[in-house]
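Worksheet for the structure shown next.
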Amino acid sequence: MIELRPFESLGAANHGWLDARHHFSFAGYHDPSRVNWGALRVWNDDKIAPKSGFPTHPHSDMEIITYVRSGAITHRDSMGNEGRTEAGDVQVMSAGNGVQHSEFNLEDEETTLFQIWIIPSERGGSPSWGARKFPKDDRAGQFVPLASGAANDDDALPIRTDARVLGATVKAGESVTYTPRDPSRHLYLVPATGKIRVENVEAKARDGIAITQQESVTITAIEDSELVLVDAA
């Protein structure tokens with residue numbers, strides 16, 4: 001199954017400082033057919049105005065992955081962590097049994113990002129946070145794990161769930177193939193930039209593609225594309 005979810009069909013909420021699109025039900029947007037995709041619960045496409053952001057608020061029992069597309073985001077939390085994550089890089093917060101945090105765009109330009117929430121394999125545990133750089137050149141023509149709960153993804157940021165978040169860059173006319181360990185896995189693919197084809201389905205930047213029951217998935221770039229893929233139970 002390969003289902004296109006066009007950007008125009010996503011839930012929307014514009015708060016002035018925040019212009020958000022929701023691939024899945026979130027806050028005031030509810031679609032019973034788009035509550036989650038396996039363990040993938042949230043994929044928000046956020047534009048955050050300069051000098052603004054999310055004030056301190058709580059989370060628990062969720063793996064929260066932030067993929068910064070442009071600009072930068074500054075994180076502070078009740079564990080004492082503080083960090084600035086730039087475009088193309090990733091941060092992960094395991095909310096565990098509870099954490100308070102804020103996320104602000106302290107830059108002079110708009111910040112755009114994907115915020116991805118995945119349900120953890122077990123509830124509770126101590127919260128944690130981490131971030132790291134992922135040079136786009138390392139992702140050229142291949143999927144690279146960015147955040148992962150898989151045992152062998154040693155260079156990825158760890159998450160406490162049976163899922164992987166991967167990134168790739170693909171030149172126009174070239175293809176990249178991803179093979180999940182089992183066809184029953186729930187794959188969700190979003191081109192951050194560019195235009196792609198998956199079998200007979202075409203998707204433009206910021207569209208979503210929900211995929212399952214596939215032995216493997218080959219993505220062909222119609223335009224130079226930057227891809228983000230979640231593989232979840």
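Annotations
- With all protein chains modelled, accessible area of LYS47 [1.4 Å, Å²]: 60 Å²
- Once the chain from GLU215 to ALA233 is taken as fully extended at 0.36 nm per residue, the excess over their C-alpha distance is 5.0 nm.
- Three-way shape call for the chain based on the alpha-carbon gyration tensor, with the a/c threshold at 1.5: rounded
- Take the chain with all the other protein chains still there, run a 1.4 Å probe, and you get 43 Å² of accessible area per residue.
- Across the protein chains, with a 1.4 Å probe defining accessible surface, the residues MET79, MET93 rank MET79, MET93 from largest area downward.
- The residue among ALA210, ILE222, PHE143 whose Cα reaches farthest toward the positive pole of the charge dipole of the stretch 81-233, with charges on the beta-carbon of Lys, Arg, Asp and Glu, is ALA210.
- Taken about its Cα centre, the stretch 41-199 carries a charge dipole of roughly 280 debye when the Cβ of each Lys and Arg holds +1 and the Cβ of each Asp and Glu holds -1.
- Relative contact order [Cα under 8 Å, 6+ residues apart], the chain, whole percent: 20 percent
- Label sites at SER60 and ASP31, each approximated as a point 7 angstrom past Cα along Cα to Cβ, lie 3.1 nm apart.
- Multiplying the residue separation of ASN14 and SER175 by 0.36 nm and subtracting their alpha-carbon distance yields 54.4 nm.
- Gain on full stretching of the segment that runs from ALA87 to ALA151 - 0.36 nm per residue minus C-alpha separation: 20.4 nm
- With R₀ set to 45 Å, the beta-carbon distance separating ALA49 from ASP182 gives a calculated FRET efficiency near 0.60.
The values are calculated or read from the model by the stated rules, or taken from the named source; none is laboratory data. Bear in mind the structure is a predicted one, so any value in this text is a computation, not a measurement. FYI the Cβ positions are ideal-geometry reconstructions off the backbone, even for glycines, and counts take in every protein chain you see. Heavy atoms of the whole protein, side chains included, go into the accessibility calculation; ligands, DNA and RNA do not. Shrake-Rupley method; radii C 1.70, N 1.55, O 1.52, S 1.80 Å.
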